[in-house]
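Below: the structure, in structure tokens.
The numbers here are math on the coordinates, done by the rules we state, and not lab data. Here the structure is a predicted model, which is why all the values come from computation and not from measurement. Positions of Cβ are backbone-derived with ideal geometry, glycine not excepted, and every protein chain shown enters the neighbour counts.
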Amino acid sequence: CTLSLSFNNDGPLGTFFRYICDNGTYIARYDDLVNGKEEKIDVSKVDVSMNGIELQDREFIAAIREGREPNASVAKVLPCYDILNKLEQSLAASA
């Protein structure tokens, strides 16, 4: 799973993300993760921080230091935006 954080969120503060998969349901709220029964899942040993923005920044700086493309580079995101553009055009044409 990838959770992208954005300051362009149109939803209310406190927005959550629900992930439904083969082995259960997970709900992510800011830096907290619970299962479908609202039981907190301990993720303290997963990474150096549970702050998503800090982790994105760490990855970006690490990529620069290591001379590699960051995980969330523009080049990796462009194909997704191309599909979103095609979907938007298709919806506009059918409206």
Dimensionless Rg over Rh [segment 47-94; C-alpha; Kirkwood]: 1.22
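R0 = 30 Å: FRET efficiency of D32 with S94, Cβ-based, nearest 0.05?
0.15
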